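The values are calculated or read from the model by the stated rules, or taken from the named source; none is laboratory data. Everything numeric here is computed off the predicted structure, so don't read it as measured data. Here the Cβ positions follow ideal geometry from the backbone for every residue, glycine too, while neighbour counts run over all protein chains shown.
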Amino acid sequence: MFRREFWRNFDFFLFGSVLFLCVFGLIMIRSTIAGNIELANYVNRQATFFGIGMAVMLGVTVLDYHYWKSLSKLMYVFILAFLGIILIIGTTSFGAQRWLEVGLVNIQPAELSKIVVILVLAHYFSHNEKKPKNLRWLATSFILVAGIIVPIFLQPNLSTTILLAVIWFSMLWISGLPTKYVVIFGLGGIALGLIAFPFLEPYQQERILTFIKPDENARHGNTYNVEQALITIGSGGLLGQGYNSGTQVQLRFLKVRSTDYIFSAIAEEFGFIGTLILIAILIFVIVRCIRAARLASDMYGALIAFGFATLIAFQTMVNIGVNLRLIPVTGQTLPFISYGGSSLLSLLLGIGLIESVLLHRKTL
């Protein structure tokens with residue numbers, strides 16, 4: 001009985017698309033290394049996390065997603081403690097204290113916090129589904145998110161802070177946020193951005209200012225990186241220069257090419273057509289997540305799927321937007337493709353949750 005239900009409800013299209021993106025990411029990471037000895041172990045590390053992530057995804061898929069409700073408080077306390085440890089003994093890189101060294105790998109708890117926020121908010125909003133959508137309902141959800149956002153902001157990690165705020169607002173909206181609050185959120189967001197700017201780290205301020213007024217003669221820093229990304233994208237043309245043959249990548253003019261700017265590397269090697277196909281697959285994954293939300297048996301499952309769809313959509317738009325110089329430089333990676341074990345593991349865990357929502361939707 002369980003086996004029939006498993007094969008009937010499991011979303012093979014979602015699984016297949018994610019599997020393709022992960023394998024393609026490994027292939028692209030291998031190319032972006034470009035003979036750099038210091039990065040030689042990137043592919044093996046990512047492959048290891050990919051294998052672990054697939055096992056975690058299948059395990060989470062089989063487990064009834066309702067089980068996570070009972071663990072919401074424990075997960076919340078755990079991630080708060082983990083983030084606190086990072087602020088004390090975390091490893092600093094690129095001006096931010098975000099990583100914890102465990103053996104030969106660095107773990108980034110902020111990636112796991114994305115999943116925890118989605119699960120905690122899904123529990124809260126579904127539990128209070130029938131209650132009035134008033135300021136108390138709104139404020140309580142804000143406090144839940146703020147508890148995780150504050151230590152992440154202090155790392156500092158502005159990009160993840162904004163992502164968690166977007167997830168919170170999107171889940172508020174789908175949970176029935178009154179329209180009158182939308183205007184307040186919009187005005188409040190603008191005011192908060194202006195107030196917070198002087199308190200940002202110098203490198204964060206520089207990213208915003210160089211986006212507004214770039215120095216075209218810069219030979220280093222954010223302006224240079226974005227300019228090289230645009231050159232890399234343009235050099236790919238319609239069909240690209242071919243795998244492992246992109247001059248900007250192989251000659252290492254493109255920086256941070258295995259993480260933030262991997263989209264530019266893809267554009268150079270596979271061209272405009274290749275990037276369109278890639279974007280189409282990512283959109284397809286997002287649509288399948290939204291489909292899972294629509295098919296969910298309860299509000300809790302729907303919010304999990306919708307929250308994760310928001311996560312993938314936002315990261316995709318921000319990463320591509322940075323590569324195209326449409327928004328200021330930020331640290332968001334391209335989902336399933338950019339190098340980053342913690343990111344890949346959390347994303348695959350999220351896919352497992354969505355598959356669980358589909359698998360167990362008729363067991364209530």
Go through T32, T61 for me and flag whichever is within 16 Å of L348 (Cβ to Cβ) and at pLDDT 90 or above.
T61
Within the bounds of the range 321-328, is there any residue that is closer than 30 Å to S175 by Cα and either outside any loop (DSSP other than H, G, I, E, B) or of a type in the set (K, R) (or both)?
yes
With the checklist (1) in a loop (DSSP other than H, G, I, E, B); (2) buried (at least 24 other Cβ atoms within 10 Å of the Cβ) in hand, flag the one item T259 doesn't pass.
(2)
The range 122-133, subset out of contact with any Gly (no Cβ under 7 Å at 6 or more places or on another chain) and in a helix (DSSP H, G or I), residue farthest from I162 (Cα to Cα):
H127
Can you find a residue in the range 111-126 that is at pLDDT below 90 and under 20 Å from the mean Cα position of the chain (by Cα)?
yes
Pick from the range 334-343 the residues that are touching a Phe, Trp or Tyr at 6+ places or on another chain (Cβ under 6 Å) and surrounded by 24 or more Cβ atoms within 10 Å (Cβ to Cβ): which of them is farthest from F308 (Cα to Cα)?
Y339
Please work out which residue is nearest to I190 (Cα to Cα), limiting yourself to the range 151-163 and to residues that are buried (at least 23 other Cβ atoms within 10 Å of the Cβ) and hydrophobic (A, V, I, L, M, F, W, C).
L163
Do we have any residue at all in the range 134-147 that's of a type in the set (G, A, S), closer than 23 Å to M317 by Cα and either part of a helix (DSSP H, G or I) or touching a strand residue (DSSP E or B) at 6+ places or on another chain (Cβ under 9 Å) (or both)?
no
Taking the range 173-203 and the residues there that are of a type in the set (A, V, I, L, M) and touching a residue at least 40 places away in the same chain (Cβ under 8 Å), the one that is farthest from I290 (Cα to Cα) would be L200
When the residues of the range 169-199 are narrowed to those that are at pLDDT 80 or above, aliphatic (A, V, I, L, M) and part of a helix (DSSP H, G or I), which ends up surrounded by the fewest Cβ atoms within 10 Å (Cβ to Cβ)?
I174
Any residue that is surrounded by fewer than 12 Cβ atoms within 10 Å (Cβ to Cβ) and at pLDDT 70 or above - is there at least one of those in the range 200-211?
yes
Against the conditions (1) buried (at least 20 other Cβ atoms within 10 Å of the Cβ); (2) modelled with pLDDT under 90; (3) among the aliphatic types (A, V, I, L, M), where does L135 fall short? Just the number, please.
(1)
